[in-house]
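Input: a single structure, listed below in C-alpha cells.
Nothing in this text is a laboratory measurement; each read-out follows from the coordinates by a stated rule. Note that the structure is predicted; figures quoted are calculated from it, not measured. Every residue, glycine as well, gets a Cβ built from its backbone with ideal geometry; the counts of neighbours run over all protein chains shown.
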Amino acid sequence: MNEHEPLIRAEGLTRTFRVEESLEGLLGSFKNLFSTRHRLITAVNNVSFDIHRGEFVGYVGENGAGKSTTIKMLTGILTPTAGRVEVADIVPYEDRAANAFNIGVVFGQRTQLWWDLPVRDSFDLLRSIYRVPDDLFTRNYRELAEALHLEPLLTLPVRKLSLGQRMRCDLAAALLHGPKILFLDEPTIGLDLIAKDKMRAMLRRINQTRGVTIILTTHDMDDIEALCGRIMIIDKGSIAYDGSTERLKREHVRHKALEVEFHDYNPEVVAIPALKLLRREGNKQWLRYDPKAGTMHEVISALFRDYCVKDLSIHEPKVEDIVKAIYEQGAAPKAGAAPVHA
Amino acid sequence: MNEHEPLIRAEGLTRTFRVEESLEGLLGSFKNLFSTRHRLITAVNNVSFDIHRGEFVGYVGENGAGKSTTIKMLTGILTPTAGRVEVADIVPYEDRAANAFNIGVVFGQRTQLWWDLPVRDSFDLLRSIYRVPDDLFTRNYRELAEALHLEPLLTLPVRKLSLGQRMRCDLAAALLHGPKILFLDEPTIGLDLIAKDKMRAMLRRINQTRGVTIILTTHDMDDIEALCGRIMIIDKGSIAYDGSTERLKREHVRHKALEVEFHDYNPEVVAIPALKLLRREGNKQWLRYDPKAGTMHEVISALFRDYCVKDLSIHEPKVEDIVKAIYEQGAAPKAGAAPVHA
Amino acid sequence: MRDAAGEAAQVPGVAWPLVGALPPGARVYAKFAIRSFQKQLAYKFEYFVGVFNGLLFIFIFTSLWRAIYANLESPPAAFDLEGITAFAVFAMIVRISMTQDDMSTVGKIRSGAIALDMVKPMSYFGMMLSECLGQTMFHWFTRVIPVLAVSLLAFDAALPRAWENWALLAIAWPLGYLIMFMVNYLFALLAFWFIETFSFHLMKYGLFTIFAGGIVPVDFFPEWLKPLIESLPFMYILYTPTALFTGHIAGADALRLILLQGAWAVALGMACTVMWRAAQRKLVVQGG
Amino acid sequence: MRDAAGEAAQVPGVAWPLVGALPPGARVYAKFAIRSFQKQLAYKFEYFVGVFNGLLFIFIFTSLWRAIYANLESPPAAFDLEGITAFAVFAMIVRISMTQDDMSTVGKIRSGAIALDMVKPMSYFGMMLSECLGQTMFHWFTRVIPVLAVSLLAFDAALPRAWENWALLAIAWPLGYLIMFMVNYLFALLAFWFIETFSFHLMKYGLFTIFAGGIVPVDFFPEWLKPLIESLPFMYILYTPTALFTGHIAGADALRLILLQGAWAVALGMACTVMWRAAQRKLVVQGG
C-alpha cells in the first residue's frame, strides 16, 4: 500500500434496516400476535470519506445519526446495503478476521476484558487471539504499561477496577497487537475530571508517538477540541461537515463574545459598532464582536476609553456551539464538506 | 416544619462496607474456596451538611469518592453506620416508604419506566404507586407534558425512545407526584449536545418555577456551571468544599488566561508585570493575568500599546479547573467549607 | 372520577372497571398485574411456542404412563391407568397455570436496578407478586385454555363434576401458587449474598421437578422417603391442587393437606420478611 | 521461548506446558478453556452446592427406581434392577460431566456485547466451545470426581472392567458433548431474531429432560414414539454415552449409535455455520 494513499476509504456507504412496526394498546398487542408489518430506515446514507495514516478524527453526531452504524461497517460487524469501504486495503465485512488484525476497538460503555480475571491474564489471552509475536508483545506491553501506568493494576480482576482504571486497561488491550487504526466509542463517558484528563493525554500520546490512526466518537466536544485535528459531523445519516477542527472554528462562527463587568453602573447601550448586545445582568453585559466592523484593538481601546470597565473576558467560539448549530440547521455548511488531509 | 429550617440535614453521616478479600492466581482461587477474609472500607466519613428548600446543589466527586453512597442514604436505600440524616423531617432509612413520597429520583444510566409499555401507561402506574390525587395528577401531568414536550412520545413504548427522549420521560416520571426533592444521578450522561441543552433548560425551569429542591451528581462541570448555585465536593468520603459556585470561582482561582495572537512576529518576552507566560506556539501566546499586579484596563492598554496584537481572547477560570485542583490537592480549601444558604 | 381525570390528562390507562372499584392502596397492585399481562402480549412467538410446549408435554407424559402401565402385571394401588392419565394431564395444566418468571429479581439485584424499586413507596414483595399474577393471567388465557380444550378432547381426560373438587381447587391453587412464588422469591434474594446463584436455582429446579409431583406423583415414592417429601414445600405446589381437583385425595386427608399448605404459606411469608430485611442491610456499594 | 517472553513482560499466564506445545492457532482456544476453568473457581458456594446437587439427584433417582421395581411383578426386558441403577447413576454423572452454560451467548446478543467478540480475529463458535470446555473441565474435577467416588461406594454402582466400554465412552462422550453444545448454540442464536426466547429454551429443556434419557431411558418409551426420539438429537447426548459405557448396548448396535452421533454432529455443525451467517446479516441497530 502506498504511504500516501488513504488508510480508510469509504465510498457511497449506505445501510438500511428493516424495523418491525407494532401496534400499541391492548387490542394492538393482540393484533401484533398475527401481523408482520415492516418499515425501512436508512441509518447511513451515501457517506464518503478518506482517512489518512496518523490522523486523529472526531466523528460526531446526535444519538441515532448513524455514527455507530458507520463504525460497525468499518470494523466488519455489519455489511453495508450499498457502497464500499476499504480499511488498509481490506474490505472489512468480506474478511472480518483479517481486518481485525489491523484495528483496535474501545467501547466506553463496556469492557473487552474478562470480568473475573486479573488484567494481565486478559492481556495474555489477547496475545494469543491476535497471535502477537513474543518480541512485539513484550515491547508493546512494556510501553503501554508504562504510558498508561498499569503496573499496580495488572494483578487485579477487572471487576475491582474503577471506571478510569478499567478504561486505561481497555485502551492497552486494544493496542497490544499494534493495530494501525484505533476506534474509540465514547472513551471518556462517565469518567471524572481527573480520569478524563489522563485519558486525553494518553490518547494524544498514542496518536503522536505510535502513529496510530484514531477515529473517536464522543458527545464531549472538549474531547474533540483537545484531541482531534479533523472533525466529521454526521447528521441524519449524511456527512454535514468534514474538515479540520481549526477551519470549523474559523469559518463557521467568527463571533467572539465579550463579557464586560462595569464599575458601579451599566450603560443602556454600548456605542461601539462592532459590538452587539446579547444579554444584560447586574453590572455585566455580554456582547457579540463582529470582526468585519472593526479590529479587536479598536474595539477594546474604545471600550476602555469610553466606559469604566472593571473586568473583561473574551470568549472564543467553542466547537460545541458550532456543532450544535450544525445539528440544528441540518447539513447546511456543505461548502466545507470536502475532505481535508492531515 | 418551619420554612427556614433546612429541608435536608445530615450530621456525621458515615458508612462503612465489609469487602471480601480474595486471593489471585490459580492457587489462590483454590484457597478462596475455603477462606473468608474481610476488609472494612469507609465510603462516607463523617459528612455533615444542610440543604434548604429550593436550592439547586451540585454534588460532585471522583468515581468512588462516596457520592452514590450518600445519595443512597438520603433516599433510604442504605442505612448509615453512624450519624443521622433527616429529609423533610423523616429519617429515610427508618421509613423508606414515607420518604419516597417526598422525593423523586432520576438515574441517567437506567430508566424507571417500564421497558415494553407506552410511556403514558408507565405514568398511570406511577400515579397509582404514589396515590396521586386525580386533580394534582392532571395538573402535574399537563405541566410536565408541555414543559418537556412529551406529547408525541406518550404512545411509544420506552424501548423505542432515543436516550434524550427517554431522559425527558424519566424526568417527568420522577416529578408526577410533586416531590419536594429531586435526586439526579448523571442526568446528562451519554446525551448529545442538543439533548443536553434541552435537559439543562428543563432542570433550571423545574427548580425555578416549581420550587423543587434539586441535588445533582454529575461529572460534567458544564452542568454544574449552568445550573447549580451551590456545589458540594466530596473527596475520599469527606466534604472538601461546600459553598456557592460563584464563591468557588472567586476564591479559588483568581487567574484569567489571555490568549494573544500577534501580527507576524512573536516577542520573546511580554514586558507587562501582571502577565506571565504559560505557553508559546506559532504567533500565539498564552499568558496568565494576576489582578494584584494591575487592573485589566492597564494590562490591556499596555498590551495594545506596546505590541502588535492581532487578536485576543480572555479565558475565565472554569469551575472544572478549580474542582480538578481540589481533587488533586485533597481537602485543601477547608476554609470555605462552611455551608452557604441559597 | 377516574375516567374524567384520565380523559383530561389523556392517560386512558386500561378501562378495567374492576380496578377503579378497588381501594387506592390495592389499585396499584391490580394495575401492576394488568401491565404485566399486557407486556406478555409483545412476544408473539412465545405465545405459539408456549401452547405447543404444553400440548407436547401432556402428549409425552400420557404416552409414557400408558407404555409403563402396559408393562405392569396389575396396576399399582395408588392409580389405575385412567387415574394416572387424568393426574398427568391436570398436573401439567396446573403447572402451566402457575408459570412464573423467577429470575427478574435476580437480574435486578445483579444490575443494581433494584434501587429504583426501593425508592418507591410500595412493597417490593407486593409488586413482584402482582407482576407475577399478571403473567399468570396471561398464561391462563393464552395457554391454559387452549391446552385444556385440546386435552379434554384428545387425552381421555374429563373435568370433575362434583362441586367439592372445584371448591378444593379454588383453595388449593392459590395456596400452591403463593408457596411457589415465595420459594422462588427466597431463592432470588440469595443474589444479594452470592455473586453466582445458578447452582441454587439448579437445586431448586431439581427438587421441584422431582418432589412437586408434576412428573411422578408422590404416591410412587418409597415410604421412607415420604417424611422428607412432606417436609419440603414442593409437593404443596403441584401435587396437592392436582390430587384434590382430580379427587385422588378427598375428605379428611384433603383438609389436612390444605391446612399444611396454609402453614407453609405462613412460614414462607415470615421467611420472606426476615430475608428481605437482612437483604436491605446487605446492599453492596455500586459506583461509590 | 514462551516463558522467556512471559518473564520479560511479567505476564506469567498459567504455566501449563501443554499450551505452549500447541500450534499458535490452537493455543488461543486452549487458553480460553483454561481461563474459563479458572473463572469458575471464583464461586465457592456454587462448588459445594454442585456436589450436593449431584449426590442428591443420584440418591433420589436410584431410590425411585428401587421403589418402582418393588411394585413390579417381574422386571421389564430392558433393565433388571441392577442395570437400571447403574444406568441412573452413570446417566447423572454423564449429565454433570456435560454441564454447559447455555445462556451466555443469549446475554451477549441482548446487550450488544457480542460486537466485542466480533471485532476479534477468531471464530465465535470456537471461542464459545473453548469456554464451555473449560467449565466442563472444572466440573470434572470438582463435581464428577467426588460424585463418582461417593456413588461407587454408596449406590451399588461399579465401573465397567472391559476396555471396550471405556473406548466406546471415549468416542461417544465427546460426540454427545458436541451435539449438546451445538443444540444450545443454535437455540442461543435465536436471540438475534426474537426479543424473548424463554419459551424456546423451555422447549429445549423439556425435550432434553424427556428424550435425552437422563431420567427415563429411551427403552421404556412406547415403540411408536421411538422413531420420533431417534430423529431428535437429544438421545445422542446422554442416553448413547451412558448405554455404551454401562454395556447396555454393545456390538453392531453400539457402532450404529456412534455413526448416528457422528451424522448428527456434522449436520448440526452445518446448521451452526448457516445460522451464524444469517445472524450476522440480521444484527440490529444499537445506538444509531
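Quickly rank B:276-282, C:169-175 as a protection proxy: mean count of other C-beta atoms within 10 Å, highest first. List each step's numbers first, then the result.
On the way: B:276-282: 11.4, C:169-175: 17.3.
Top of the packing list down: C:169-175, B:276-282.
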- Helix C:163-189 axis, angle to chain C major axis (alpha carbon atoms, nearest 10°): 60
- Query: Under unit Cβ charges (Lys, Arg +1; Asp, Glu -1), what dipole magnitude, rounded to 20 debye, does the stretch D:136-244 have relative to its Cα centre?
  - Reply: 220
- Query: If you count, for every residue in B:55-68, the Cβ atoms of partner chains within 10 Å of its Cβ, what is the mean?
  - Reply: 3
- To the nearest 500 deg cm²/dmol, what mean residue ellipticity at 222 nm is calculated for chain A from DSSP H runs of n ≥ 4 alone, each contributing -39,500 (n - 2.57), summed and divided by the residues? -10000 deg cm²/dmol
- Task: Would you be so kind as to identify which of C:Pro241, C:Ala271, C:Val216 lies farthest towards the positive end of the dipole of chain C, taking Lys and Arg as +1 and Asp and Glu as -1 on Cβ and the Cα centre as origin?
- Result: C:Ala271
- Search the structure for amide H atoms under 5 Å from the amide H of A:Tyr59, placed 1.01 Å from N in the peptide plane, and list their residues when 5 or more places away or on another chain. A:Leu216, A:Thr217, A:Thr218, A:Met232
- Test item: A:132-142 mean partner chain Cβ contacts at 10 Å: 4
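What's the average, rounded to a whole number, of partner chain beta-carbon atoms within 10 Å of each residue's beta-carbon in A:305-315?
Values: counts 2, 0, 0, 1, 4, 3, 7, 8, 9, 10, 4.
That average works out to 4.
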- Task: Quick one: dipole size for the stretch A:74-140, taken about the Cα centre, charges +1 on Lys/Arg Cβ and -1 on Asp/Glu Cβ, in debye to the nearest 20.
- Result: 160
- Task: Alpha carbons only, please: Rg and Dmax for chain B, in angstrom.
- Result: 24.7, 79
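Eigenvalues of the Cα gyration tensor times 5, then square-rooted: what semi-axes does that give for the stretch A:68-193, in whole angstrom, largest first?
Details: eigenvalues 140, 63, 27 Å².
Ellipsoid semi-axes (Å, largest first): 26, 18, 12.
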- Task: Relative to the longest principal axis of the C-alpha atoms of chain B, give the angle of the C-alpha long axis of helix B:296-306, reported between 0 and 90° and rounded to the nearest 10°.
- Result: 40
- DSSP loop chymotrypsin sites (Phe, Trp or Tyr not before Pro) in the stretch C:218-288 with at most 12 other Cβ atoms within 10 Å of their Cβ, which ones? none
- Query: Projected onto the charge dipole of the protein assembly as shown (+1 at Lys/Arg Cβ, -1 at Asp/Glu Cβ, origin at the Cα centre), which of C:Tyr29, C:Ala115, C:Leu175 gives the Cα projection farthest towards the positive end?
  - Reply: C:Ala115
- Expressed in whole Å with the largest first, what are the equivalent ellipsoid semi-axes of the protein assembly as shown derived from the C-alpha gyration tensor as the square root of 5 times each eigenvalue? 61, 37, 28
- Task: Scan the stretch D:81-181 for trypsin sites (Lys or Arg not before Pro) in coil per DSSP, keeping those whose Cβ has at most 11 other Cβ atoms within 10 Å, and list them by number.
- Result: D:Arg161
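State to the nearest 20 debye the size of the charge dipole of the stretch D:64-135 about its Cα centre, where the only charges are +1 on K and R beta carbons and -1 on D and E beta carbons. Walk me through the numbers before you get to the answer.
On the way: 5 positive and 7 negative charges, 70 e Å.
Charge dipole, the stretch D:64-135, about its Cα centre: 340 debye, nearest 20.
List the chymotrypsin sites (Phe, Trp or Tyr not before Pro) in the stretch B:221-294 that DSSP assigns to loop (not H, G, I, E or B) and whose Cβ has at most 11 other Cβ atoms within 10 Å. Which are they?
Numbers: sites: B:Tyr241, B:Phe262, B:Tyr265, B:Trp286, B:Tyr289; in loops: B:Tyr265.
In loop regions of the stretch B:221-294 (DSSP not H, G, I, E or B), the sparsely surrounded chymotrypsin sites (Phe, Trp or Tyr not before Pro) are B:Tyr265.
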- Item | Order by protection proxy (mean Cβ within 10 Å, highest first), peptides B:118-125, A:151-158, A:316-323 | B:118-125, A:316-323, A:151-158
